[in-house]
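**Q** Please read through the structure below; I'll follow up with questions.
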Amino acid sequence: MKSLAFVSFVAAAHVAVAQAPVTLQQVMGTATRAPDHVVRYGDAPEQFGHLRLPKGRGPFPVVVFIHGGCWLSQYGIEHAAPLEQAFADSGYAVWSLEYRRVGNAGGGWPGTFQDVARGADHLRVLAGAHSLDLNRVVAAGHSAGGFFALWLAARHKLPVGSELHTADPLRVGGVLALAPAPDLEGLHQAGVCGKVINGLMGGSPSEQPARYATASLMQLAPIDVPTEAVIGDADASWAPVGRAYVRRATEAGDRKLHVVEVRGAGHFDVIAPFAPAWQAVMEGLRKLVPSR
């Protein structure tokens, strides 16, 4: 492996792969078992999660996973199934969240954020019955979900008056950010996904500065939680967004962020257990919380 640092105190590595980037269709076509449990954390149709449990006896370390899809209603939890099962097969309990998105009733500001927060906190309800170790929790997510994984770890920084404030948020011991999209300001300026950030935030950074102050990782950095970020260097659309956050976080003094760039990997390689990039994903997860 060849090492590369974005800045002097952020380690990054390039892991070589030798195949074309994985597509969403390939991920969707991967056969998986049904989740062990489908659990509701609210009354809206989208307020539920998949709970998958590893074999053996707990207490189990837990991955709280948030799927991506541009924050849009047309991209649901289904494509996360292969990743969920691969993590469970590797010894981790997986609590994978569905949530209201732009296009769903109640999606956007503040409902989308409140769903992710409420869903994550619901892990406390599940812990006793399923032998989950709340002292070994990793927030993980892909793309828009990678943004939310970082945001969950930063909730302790939100002011009391914010619509997104929670008095006692679930403590996250680490973050696994897969092709994350943390730069809301930059994404708004770029007009990504049909200007979805307008729908998510209810306006631009200049129109809604208080909202961006409690949502954008560019403003919440540093989160001061051990973080493993895995980015495909062939992910032309989203890798620059992740790198922008890395620069911002390191400038803000984050010493707990480690970045792995996977050569030749695209946006979906990092959620495809059959892809060579999966090695970097599992190494990052095990570094944050060993499964045994």
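The values are calculated or read from the model by the stated rules, or taken from the named source; none is laboratory data. Note that this is a predicted model, so its numbers are computed, not measured. Virtual Cβ from ideal backbone geometry, glycine too; neighbours counted across all protein chains shown.
**Q** Can you pull out the residues in segment 173-223 that are part of a loop (DSSP other than H, G, I, E, B), touching a Gly at 6+ places or on another chain (Cβ under 9 Å) and either small (G, A, S) or surrounded by 21 or more Cβ atoms within 10 Å (Cβ to Cβ) (or both)? Walk me through it before giving the result.
**A** Going residue by residue through segment 173-223, those that are part of a loop (DSSP other than H, G, I, E, B) are 173, 179-183, 191, 202-208, 216, 221-223.
Going one step further and asking which of them are touching a Gly at 6+ places or on another chain (Cβ under 9 Å), we end up with 179-183, 202, 208, 221-222.
Correct list: A179, P180, A181, P182, D183, G202, A221.
**Q** Looking for whichever is under 20 Å from A153 (Cβ atoms), of a type in the set (K, R) and at pLDDT 95 or above here; the options are R52, R118. Which one fits?
**A** Details: R52 fails: under 20 Å from A153 (Cβ atoms).
Result: R118 is the single residue among R52, R118 that is under 20 Å from A153 (Cβ atoms), of a type in the set (K, R) and at pLDDT 95 or above.
**Q** Now a separate question. Can you spot a residue in segment 150-168 that is touching a Lys or Arg at 6+ places or on another chain (Cβ under 7 Å), modelled with pLDDT under 95 and under 23 Å from R40 (Cβ atoms)?
**A** The initial filter retains those residues of segment 150-168 that are touching a Lys or Arg at 6+ places or on another chain (Cβ under 7 Å), namely 166.
Add one more test, that the residue is modelled with pLDDT under 95, and what stays is 166.
Those still in the list that are under 23 Å from R40 (Cβ atoms) too: 166.
Within segment 150-168, one or more residues are touching a Lys or Arg at 6+ places or on another chain (Cβ under 7 Å), modelled with pLDDT under 95 and under 23 Å from R40 (Cβ atoms).
**Q** Conditions: (1) among the aliphatic types (A, V, I, L, M); (2) farther than 21 Å from M28 by Cα; (3) in a loop (DSSP other than H, G, I, E, B). V246 meets all but one. Number of the miss?
**A** Status for V246: all satisfied but (3).
**Q** Moving on to the next point. Against the definition (aliphatic (A, V, I, L, M), touching a Leu at 6+ places or on another chain (Cβ under 8 Å), surrounded by fewer than 24 Cβ atoms within 10 Å (Cβ to Cβ) and not in a strand (DSSP E or B)), how does A117 come out, yes or no? Outline the logic, then answer.
**A** On the way: aliphatic (A, V, I, L, M): yes; touching a Leu at 6+ places or on another chain (Cβ under 8 Å): yes; surrounded by fewer than 24 Cβ atoms within 10 Å (Cβ to Cβ): yes; not in a strand (DSSP E or B): yes.
Criteria met by A117.
**Q** State all residues of segment 272-292 that are farther than 20 Å from P226 by Cα and either surrounded by fewer than 23 Cβ atoms within 10 Å (Cβ to Cβ) or of a type in the set (V, I, T) (or both); if no residue qualifies, say none.
**A** Residues satisfying the conditions are P273, F274, P276.
**Q** Would you check if there is a residue in segment 131-145 being more than 22 Å from H258 (Cβ to Cβ), of a type in the set (D, E, K, R), at pLDDT 95 or above and in contact with a Gly (Cβ under 9 Å, 6 or more places away or on another chain)?
**A** Step one: filter segment 131-145 for residues more than 22 Å from H258 (Cβ to Cβ), giving 131-134.
If we keep only those that are of a type in the set (D, E, K, R) too, we end up with 133.
Then drop every residue that is not at pLDDT 95 or above, which leaves 133.
Those left that are additionally in contact with a Gly (Cβ under 9 Å, 6 or more places away or on another chain): 133.
Yes, the conditions are met somewhere in segment 131-145.
**Q** Please tell me if A127 is under 14 Å from the mean Cα position of the chain (by Cα) and either in a loop (DSSP other than H, G, I, E, B) or modelled with pLDDT of 95 or more (or both). Lay out the reasoning, then the answer.
**A** Numbers: under 14 Å from the mean Cα position of the chain (by Cα): no; either in a loop (DSSP other than H, G, I, E, B) or modelled with pLDDT of 95 or more (or both): yes.
No, not satisfied.
**Q** Scan segment 141-161 for residues that are surrounded by fewer than 17 Cβ atoms within 10 Å (Cβ to Cβ) and part of a loop (DSSP other than H, G, I, E, B) and jot them down.
**A** The answer is P159, V160, G161.
**Q** Test R243 against the criterion of being farther than 18 Å from V63 by Cβ, basic (K, R) and either surrounded by fewer than 24 Cβ atoms within 10 Å (Cβ to Cβ) or within 16 Å of the chain's Cα centre (by Cα) (or both), and give yes or no. First the steps, then the outcome.
**A** Details: farther than 18 Å from V63 by Cβ: yes; basic (K, R): yes; either surrounded by fewer than 24 Cβ atoms within 10 Å (Cβ to Cβ) or within 16 Å of the chain's Cα centre (by Cα) (or both): yes.
Yes: the conditions hold for R243.
**Q** What is the one condition in (1) under 23 Å from Q74 (Cα atoms); (2) crowded, with 24+ Cβ neighbours inside 10 Å that A229 does not satisfy?
**A** Status for A229: all satisfied but (1).
**Q** For segment 67-103, give me the residue count where each residue is within 15 Å of D36 (Cα to Cα), of a type in the set (A, V, I, L, M, F, W, C) and in a strand (DSSP E or B).
**A** 4
**Q** OK, next. Conditions first: (1) within 28 Å of E283 (Cα to Cα); (2) at pLDDT 95 or above. E185 passes all but one, so which condition is the exception?
**A** Only one criterion in (1) within 28 Å of E283 (Cα to Cα); (2) at pLDDT 95 or above is unmet by E185, namely (1).
**Q** Give me the pairs, please: first residue somewhere in segment 82-101 and polar (S, T, N, Q), second residue anywhere and buried (at least 24 other Cβ atoms within 10 Å of the Cβ) and in a helix (DSSP H, G or I), beta-carbon distance under 7 Å, and either six or more positions apart or on two chains.
**A** S96/A80; S96/E84
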